[in-house]
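The values are calculated or read from the model by the stated rules, or taken from the named source; none is laboratory data. The model shown is predicted, which means the values in this text are computed figures rather than measured ones. FYI the Cβ positions are ideal-geometry reconstructions off the backbone, even for glycines, and counts take in every protein chain you see.
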Amino acid sequence: MESDSALLPQPNLLAEIRRRPGLYFGEKSISGLYFYRTGFIAGAKGDSQSLPLPDDFDDWVAYRARFSESTSGWRNMLLEKSGGDEELAFDRFFELLDEHRARVSRVIARFNMTVTFLMPSPDLAWEDFENLEKISHDVRASVVIYTDDPGFFVIPESDTMPGRTFYPDFSRFEIFVNEPRDWEILDSDACEKAGLPVR
C-alpha cells in the first residue's frame with residue numbers, strides 16, 4: 001500500500017523558488033536560479049520534471065527580449081537586458097515564464113518547404129560525409145506570432161520535423177529554410193510587423 005505522502009501532489013519547485021529564492025540559493029539571483037537548476041537536473045540524472053522549462057524557452061526569451069538568436073541561453077540574455085542586475089533578471093525570468101504559459105498563438109502565414117535528412121551509417125568515415133544517403137520530403141509549415149514583437153516562429157505541420165524555431169527576421173529565415181514556396185498570407189499587417197515580407 002502506498003503511503004499517504006505519495007498520494008499528495010508534489011509542490012511546484014519553481015513556484016517555491018520564486019516565492020523564497022534565498023532558501024534555495026542564498027539570494028534572489030538569476031545566476032543562482034540557473035546554477036541551482038543545472039545542478040539539480042544533473043543530480044537527477046537529466047530529469048528536469050521538478051524544475052521544468054518549456055523546450056523553446058530560450059527562443060521565447062530571445063523573441064521577447066529582441067535578440068537575434070537564442071544560443072547564449074535564457075540566463076545570459078536576461079542578464080544582458082537587465083544591465084547585469086541579478087534580481088531584475090530573476091523577476092523577468094518568471095514574468096516570461098508566466099507569459100509563455102499563457103501565450104496564445106496566431107498563425108499569420110503558411111508555406112511549403114522541402115526538408116532533407118541525411119541518413120548516417122555507423123561505418124561511414126568522416127571524409128565520406130557527402131556520400132550520405134539523402135531523403136527529402138515536402139512539409140507544410142505555419143508562421144506563428146504571439147505578441148507584437150518583431151520576429152516569428154515556424155512550426156512544421158509534420159511529425160517528421162517536430163518543434164518550433166524562432167527567427168528574428170526574414171533574412172535569418174532565408175538562411176535556414178531552403179526555398180519556401182506556395183505562400184498563404186493570412187494577415188499581411190502582422191507579417192510585415194513580424195519582419196516577413198508580404199509575397
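Taking (1) within 27 Å of F152 (Cα to Cα); (2) at pLDDT below 95 in turn, L13 satisfies each apart from (1).
Among the candidates V104, V115, which residue alone is part of a loop (DSSP other than H, G, I, E, B) and of a type in the set (A, V, I, L, M, F, W, C)?
Working: V115 fails: part of a loop (DSSP other than H, G, I, E, B).
Testing whether each residue is part of a loop (DSSP other than H, G, I, E, B) and of a type in the set (A, V, I, L, M, F, W, C) leaves just V104.
In the stretch 174-191, which residue that is without any contact (Cβ under 8 Å) to a residue 12 or more places away in the chain and over 20 Å from R106 (Cα atoms) is nearest to the chain's Cα centre (by Cα)? Looking at the filtered set, the residue picked out is F176.
I'd like to check something: does the stretch 70-78 contain any residue that is under 15 Å from T165 (Cα atoms), modelled with pLDDT under 95 and not assigned by TED's automatic domain parsing to the domain that holds H137?
Our first condition is that a residue be under 15 Å from T165 (Cα atoms); within the stretch 70-78, this holds for 70-71, 73.
Right, trim to modelled with pLDDT under 95 and you get 70-71.
Okay, now just the ones that are also not assigned by TED's automatic domain parsing to the domain that holds H137, so 70-71.
So far as the stretch 70-78 goes, yes, one or more of its residues are under 15 Å from T165 (Cα atoms), modelled with pLDDT under 95 and not assigned by TED's automatic domain parsing to the domain that holds H137.
Here R110 fulfils each of the conditions (1) assigned to a loop (DSSP other than H, G, I, E, B); (2) modelled with pLDDT of 95 or more apart from (1). Restricted to the stretch 80-109, and to residues there that are surrounded by 14 or more Cβ atoms within 10 Å (Cβ to Cβ) and of a type in the set (G, A, S), the residue that is farthest from A62 (Cα to Cα) is A109. Of all residues in the stretch 167-190, those that are surrounded by 13 or more Cβ atoms within 10 Å (Cβ to Cβ) and either closer than 17 Å to S68 by Cα or outside the structural domain of R140 (by TED's automatic domain parsing) (or both) total 7.
Kindly indicate whether D128 is among the charged types (D, E, K, R), surrounded by 10 or more Cβ atoms within 10 Å (Cβ to Cβ), at pLDDT below 90 and not in a strand (DSSP E or B).
Details: among the charged types (D, E, K, R): yes; surrounded by 10 or more Cβ atoms within 10 Å (Cβ to Cβ): yes; at pLDDT below 90: yes; not in a strand (DSSP E or B): yes.
So D128 passes the test.
Quick check on S48: is it out of contact with any strand residue (DSSP E or B) (no Cβ under 7 Å at 6 or more places or on another chain) and farther than 19 Å from E95 by Cβ? The answer is yes for S48. Pairing each residue of the stretch 28-43 that is in a loop (DSSP other than H, G, I, E, B) with any residue that is surrounded by fewer than 18 Cβ atoms within 10 Å (Cβ to Cβ) and among the small types (G, A, S), provided the two are 6+ apart or on different chains, yields C-beta distances under 9 Å for K28/G22. Among the residues of the stretch 160-179, those that are on the phi < 0 side of the Ramachandran plot, at pLDDT below 90 and not β-branched (V, I, T) comprise M161, P162, R164, D169, F170, S171, R172, F173, E174, F176, N178.
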